[in-house]
1. Return the residue satisfying two criteria in turn: it lies in the stretch 57-87 and is charged (D, E, K, R) and in contact with a helix residue (DSSP H, G or I) (Cβ under 8 Å, 6 or more places away or on another chain), and of such residues it is most open to solvent (accessible area, probe 1.4 Å).
2. Among the residues of the stretch 35-90, what is the count of those that are farther than 15 Å from GLN104 by Cα and hydrophobic (A, V, I, L, M, F, W, C)?
3. Restricting the search to the stretch 7-34, which residues are crowded, with 17+ Cβ neighbours inside 10 Å and either free of Cβ contacts under 8 Å to residues at least 60 places away in the same chain or β-branched (Val, Ile, Thr) (or both)?
4. Mind checking which residues of the stretch 61-83 are within 16 Å of VAL44 (Cβ to Cβ) and part of a loop (DSSP other than H, G, I, E, B)?
5. Scan the stretch 5-24 for residues that are β-branched (Val, Ile, Thr) and under 16 Å from ALA55 (Cβ atoms) and report the count.
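The values are calculated or read from the model by the stated rules, or taken from the named source; none is laboratory data. Note that the coordinates shown come from a computational prediction; the quantities given were computed from them, not determined experimentally. A quick note on method: Cβ atoms are made from the backbone with ideal geometry, for glycine too, and the neighbour counts reach across all protein chains shown. Only protein heavy atoms, including side chains, enter the accessible area calculation; ligands, DNA and RNA are left aside. Shrake-Rupley method; radii C 1.70, N 1.55, O 1.52, S 1.80 Å.
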Amino acid sequence: MGEQPIFSTRAHVFQIDPNTKKNWVPTSKHAVTVSYFYDSTRNVYRIISLDGSKAIINSTITPNMTFTKTSQKFGQWADSRANTVYGLGFSSEHHLTKFAEKFQEFKEAARLAKEKSQEKAELTSTPSQESAGGDLQSPLTPESINGTDDERTHEVTQNSEPRAEPTQNALPFSHSSAISKHWEAELATLKGNNAKLTAALLESTANVKQWKQQLAAYQEEAERLHKRVTELECVSSQANAVHTHKAELNQTIQELEETLKKKEEEIEKLKQEIDNARELQEQRDSLTQKLQEVEIRNKDLEGQLSDLEQRLERSQKEQEAFRNNLKTLLEILDGKIFELTELRDNLAKLLECS
């Protein structure tokens, strides 16, 4: 029958940094399928994982290997043949425990197969020595990997607040300068809100494209799993393994369908947020137009104020000239009154003398 999958799960895949031997390097952008394969012709168990068409794990299980749980959702093992250490981040502790149990089971099966091959070979061949490397642990474990979700939900927030429309009544001339400063501050606020809305709109558009790409990838994965289920059902000699694998694949398909629904809901939310951003953009345009109208009216008021100031200045000059003329007349009148008084006194003296 050749090589057949006997157990599959999903996890984030990492490899130890070959330079530092301390840091983990992710080899998959999102959770991928990790499977145990059994080659009946060679009696060999292997762990294989593909990211698209690229094999990111191809590790043959040997009796000297050890799978170590370094956290509740992360485990690792060393492969001396590949000269690296593999790490897997699972969505739950249950998936990690199941994978570790299968690793131990297939490791024991590999040990028994090796012992049988040694008995058959007897003394004609020298058993190959496996390098002990299974207990190698990296001091750095990716604690941030807690599951198979690779989604990043970017919430677009709009900080713009509705503002009261300016009154249409005529403003006092003495307040025109304050009104101008007020609308200049309003324009600066609108420009800041416009920049935020533009950035939020671009980010929402990018997120929608990313979700669409992920949806397409999930749909392709679901179709591939359906085809795999059909192929496994045709293999009668592996009925028990097929049924088990089918149940696991169906569960994976259900998880993918639920993820698709969540993604669709998130896309709808993003569309609503884009619509809201467009409405805010329209409001901003309306306020900008009203601001321009107020600026034009403010210029007219400034012109009227300047004209009134000129008229007031002319009136003050005329009043000053009138006061000066009136003062002159009063001085002349005082002189005439003084002369009349002297004349009266002289006439009175003449009458007394006569």
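1. So the first thing to find is which residues in the stretch 57-87 are charged (D, E, K, R), and the list is 69, 73, 79, 81.
With in contact with a helix residue (DSSP H, G or I) (Cβ under 8 Å, 6 or more places away or on another chain) added as a condition, the list becomes 69, 73.
Numbers: LYS69: 103, LYS73: 59 Å².
The selected residue is LYS69.
2. 10
3. Just the residues of the stretch 7-34 that are crowded, with 17+ Cβ neighbours inside 10 Å, to begin with: 7-16, 24, 27-28, 31-34.
If the condition is that a residue be crowded, with 17+ Cβ neighbours inside 10 Å and either free of Cβ contacts under 8 Å to residues at least 60 places away in the same chain or β-branched (Val, Ile, Thr) (or both), then THR9, VAL13, ILE16, THR27, SER28, VAL32, THR33, VAL34 are the ones that fit.
4. Once the filter is applied, which keeps residues that are within 16 Å of VAL44 (Cβ to Cβ) and part of a loop (DSSP other than H, G, I, E, B), the stretch 61-83 yields ILE61, THR62, PRO63, ASN64, MET65, SER80, ARG81, ALA82.
5. Kept after step one, since they are β-branched (Val, Ile, Thr), are these residues of the stretch 5-24: 6, 9, 13, 16, 20.
Those still in the list that are under 16 Å from ALA55 (Cβ atoms) too: 13.
Qualifying residue count, the stretch 5-24: 1.
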